[in-house]
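Right, one structure below, let's go through it.
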Amino acid sequence: MPQVSLETLVSAVRAGTHLASFPTDTVPALAAKPDRADLIFTAKQRSFDKPLILMASEIEELWHYVKGSDRELELWNELAQKYLPGALTLVLPSSDRVPTLMNPNDPTTIGVRVPNHKLARQILAETGALATTSANRSGQPALLSMDAIAQEFPEVLMIQPESAEPLSGTPSTVVKWTGAGWEVLRQGAIKM
């Protein structure tokens, strides 16, 4: 996996020509522009029936990708303000801004998250919201080291973090809005 500068990584991701990998507060991510989510599915050898997560540096950016009533947006924002940035993914009704390929099996929903990791948020602030998933081949455990990611995904761009912020190694907790409340789809780093 080529080690590149932040500027090179951001430029390549914005252009839609490359996947990037970067650490988050949970496990390292593979990331691409939302309209280039196909790059992730190809690299991971991932089935198209598995959704991706839309990750951004701030929750306010993600509200443009979801749709709900004023009351729902208020409830979603209350939960987001409590746990984000952090290891929580909110599955919400998607707006027409979300490419179908982000969740081919159910394009009416999208998982959104803001990681609690300085480098990840710096990258996302430069690129805008990205389609993300864990750095691993489909069905395999998440890769936790840069060396392991480099061996598995030699074509993916990555930058060397200046300091080693800790990774929990535990995926995010995933909760889905049902219209009447929250349903836990995956218990992860945050206990719900």
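Quick look at the numbers
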| item | result |
| --- | --- |
| Helix-only CD estimate at 222 nm, as mean residue ellipticity for the chain, using -39500 (n - 2.57) per DSSP H run (n ≥ 4) | -7500 deg cm²/dmol |
| Selection of GluC sites (Glu not before Pro), the range 106-192, meeting DSSP coil and at most 13 other Cβ within 10 Å | Glu155, Glu162 |
| Hits among lysines - C-alpha to C-alpha of Lys50 under 20 Å, sequence gap 8 or more where chains match | Lys33, Lys176 |
| Net charge of Cβ neighbours under 11 Å - reference Ser21; Lys, Arg +1; Asp, Glu -1 | -2 |
| Loop sites in the range 85-192: trypsin sites (Lys or Arg not before Pro), DSSP, at most 12 other Cβ within 10 Å | Lys191 |
| Rounded to 5, percent antiparallel among DSSP beta bridges of the chain | 65 |
| Distant-in-sequence amide H partners of Ile110 (H built 1.01 Å from N, under 5 Å) | Leu92, Ser94 |
| Calculated Cα Rg over 2.2 N^0.38 Å (choose from (1) 0.95; (2) 1.73; (3) 1.34), label | (1) |
| Neighbour net charge for Pro154 - beta-carbon separation under 15 angstrom, K R +1, D E -1 | -1 |
| DSSP-loop chymotrypsin sites (Phe, Trp or Tyr not before Pro) across the range 36-139, with at most 15 other Cβ within 10 angstrom | Phe48 |
| Prolate/oblate/rounded call for the range 1-100, Cα gyration tensor, a/c under 1.5 rounded | prolate |
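Quick note: the coordinates plus some simple rules give every number you see, no bench work behind them. The structure presented is a predicted model; accordingly, all values stated were derived computationally and were not measured. Cβ: placed from backbone, ideal geometry, glycine included. Neighbour counts: every protein chain shown.
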